[in-house]
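**Q** Mind looking over this structure? Questions follow.
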Amino acid sequence: MTAIEIPTFCAPRPLTPAWTVLPSWLPVPGLGALPVNCFLLKGPEPLLVDTGLAALGDDFIAALETQIDPAELRWIWLSHMDPDHVGNLSRLLARAPQARIVTGFLGMGKLQLAGFDVATVHVVQPGESFTAGGRRLNPLRPPYYDAPETLGFHDEADGVLFAADCFGAVLPGMVDATEQIAANTLRDGLLTWTAIDAPWLAAADRAALGRCLAAFERLDSAWLLSAHLPPARDASHLTSLIADAYCGREIAAADPFSIERLAVASH
C-alpha cells in the first residue's frame with residue numbers, strides 16, 4: 001500500500017467492458033486513507049455514478065474526459081448528497097447539458113435545498129427499476145448508510161452491485177483491489193469506517209441486519225462496488241466480516257456518543 005498525505009486521484013481502470021472505476025483517495029489524519037470512487041457506465045446512454053471530491057475537480061474532469069466526452073453523458077446517478085459524492089456536480093452539469101440526475105425523492109429535495117435546478121431530476125420511485133440505454137439497474141438500499149436518501153443498485157447484465165458508502169474501509173494507504181488487502185487490515189478498516197459513518201450499527205437489530213447481508217450474498221455479484229473501498233470480487237467475504245462484528249458473538253464497541261452511555265454515566 002502507498003501512504004498519502006494529500007487528496008490523490010488515480011488513473012481510471014476498466015472493470016468490465018461497460019464499467020470503469022474512477023478512483024481517488026482522501027487522507028484521514030491519524031487513521032490512514034479513505035477511497036473515494038466514482039464509476040462510469042459506457043454505452044448508448046452513458047451514466048456516471050457520483051461526482052467525487054471538489055478538491056480534485058480538475059483531475060476528475062480530466063480523467064473523465066479520457067473515457068468519454070462529458071457532453072455525451074445522459075445520466076448522473078447520485079447515491080446521496082454528501083460532499084464527497086456531489087463535489088463536482090455543478091462543474092459536470094456545465095459540461096453535460098443532456099445529463100439528467102437520478103436520485104430518490106429525498107435526494108431531489110436536498111438538491112433543491114442546495115440550490116440546484118431539479119427540473120431535470122429523474123426521481124426513482126419505490127419498487128421501480130431504472131433503465132439506461134437498455135441496461136436495467138435495480139435500485140436498492142444498502143445494509144447500512146449515513147444518509148436516508150442513499151440508493152445503490154444492481155446491474156443485472158454485468159452482475160455489478162453498487163453499495164454506496166456500505167463496505168467502505170479506512171486503509172493504511174492506496175491499493176488497487178480489495179483482494180490485495182490483508183484480512184486483518186480489511187476487517188479493521190471496515191470496522192473503523194462503520195464506527196465513523198454508521199455508528200448506529202452497534203445498536204441495530206442483529207437479525208434484520210443479518211437478513212440484509214444474506215440478501216446481498218444471494219445476489220452473487222461478479223463485482224461489489226463501494227464508494228469507499230477498492231472494487232471487490234468476493235462480496236461474501238465482506239458481508240461475513242460485517243456479520244461477525246455486528247450480528248454474531250463478537251459485537252463491535254457501542255457508539256461512544258450514544259444516549260445509553262450518557263444515561264449510565266450520569267447515575
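**Q** Could you run the Karplus curve 6.51 cos²θ - 1.76 cosθ + 1.60 with θ = phi - 60° over segment 234-242 and give me ³J(HN,Hα) per residue in whole Hz, x for Gly and Pro?
**A** 10, 5, 5, 5, 5, 5, 5, 5, 5
**Q** If you take every DSSP beta bridge fully contained in the chain, what fraction is antiparallel? Give it as a percent rounded to 5. Walk me through the numbers before you get to the answer.
**A** On the way: 31 of 43 bridges.
Roughly 70 percent of the beta bridges in the chain run antiparallel, per DSSP.
**Q** What does the convex hull of the Cα atoms of segment 118-220 come to per residue, in Å³, rounded to a whole number?
**A** Hull volume over Cα atoms, normalised by residue count, gives 157 Å³.
**Q** What is segment 56-121 by shape, rounded, prolate or oblate, if you read a ≥ b ≥ c off the alpha carbon gyration tensor as root eigenvalues and call it rounded for a/c under 1.5, prolate for a/b larger than b/c, and oblate otherwise? Working shown, then result.
**A** On the way: a/c = 2.14, a/b = 1.54, b/c = 1.39.
Here segment 56-121 falls in the prolate category.
**Q** Would you mind calculating the relative contact order of segment 63-203 from Cα pairs under 8 angstrom and at least 6 residues apart, reporting the percent as a whole number?
**A** Values: 190 pairs, mean separation 23.7, N = 141.
Computed value for segment 63-203: 17 percent relative contact order.
**Q** Can you send over the carbon and sulfur percentage of the accessible area for the chain, probe radius 1.4 Å, protein chains only?
**A** Working: 6650 of 12050 Å².
The value for the chain is 55 percent carbon and sulfur by accessible area.
**Q** Pulled fully out, how much extra length does the chain show between Arg206 and Ile68, if you take 0.36 nm times their separation in residues and subtract their Cα-Cα distance?
**A** Difference between extended and current length: 45.3 nm.
**Q** So what is the accessible area of the chain per residue, in Å², with the probe set to 1.4 Å? Show your work: numbers first, answer last.
**A** Values: 12050 Å² over 267 residues.
About 45 Å² of surface per residue is accessible.
**Q** Considering only DSSP beta bridges where both residues belong to segment 1-98, give the percentage that are antiparallel (nearest 5). Working shown, then result.
**A** Values: 17 of 20 bridges.
So the antiparallel bridges in segment 1-98 amount to around 85 percent.
**Q** Separate question: Read phi for every residue in segment 110-121 and hand back ³J(HN,Hα) as whole Hz from Karplus 6.51 cos²θ - 1.76 cosθ + 1.60, θ = phi - 60°, with x for Gly and Pro.
**A** Couplings: 5, 4, 5, 5, 7, x, 7, 6, 9, 5, 9, 7 Hz.
**Q** Then there is this: Report the calculated FRET efficiency for Ile61 and Leu106 (r = Cβ-Cβ distance, R0 = 30 Å), to the nearest 0.05. It would help to have the intermediate numbers written out before the result.
**A** On the way: r = 28 Å, r/R0 = 0.92.
The computed FRET efficiency comes out at 0.60.
**Q** Further question on the same structure: For Thr2, Thr192, write out the residues from largest to smallest accessible area, computed with a 1.4 angstrom probe and no ligands counted. Let's see the in-between values first.
**A** Working: Thr2 75, Thr192 45 Å².
Reading off the accessible areas and sorting them downward yields Thr2, Thr192.
**Q** Distance between the C-alpha centers of segment 139-162 and segment 38-65? Whole Å please.
**A** Centre-to-centre (Cα) distance: 18 Å.
**Q** Can you report the principal axis dimensions of the chain using only the alpha carbons, biggest first, rounded to whole angstrom?
**A** Principal-axis extents of the chain (Cα, largest first): 59, 40, 37 Å.
**Q** A follow-up question, please. Note down the magnitude of the dipole of the chain about its Cα centre, charges +1 on Lys and Arg C-beta and -1 on Asp and Glu C-beta and zero elsewhere, to the nearest 20 debye. If you can, show how the numbers build up before the last one.
**A** Values: 17 positive and 30 negative charges, 72 e Å.
Magnitude of the dipole: close to 340 debye.
The values are calculated or read from the model by the stated rules, or taken from the named source; none is laboratory data. Given the structure is predicted, the values throughout are model-derived calculations rather than measurements. In this analysis, Cβ positions are derived from the backbone assuming ideal geometry, glycine residues included, and neighbour counts consider all displayed protein chains. Keep in mind that these areas ignore ligands, DNA and RNA; they rest on the heavy atoms of the full protein, side chains included. Shrake-Rupley method; radii C 1.70, N 1.55, O 1.52, S 1.80 Å.
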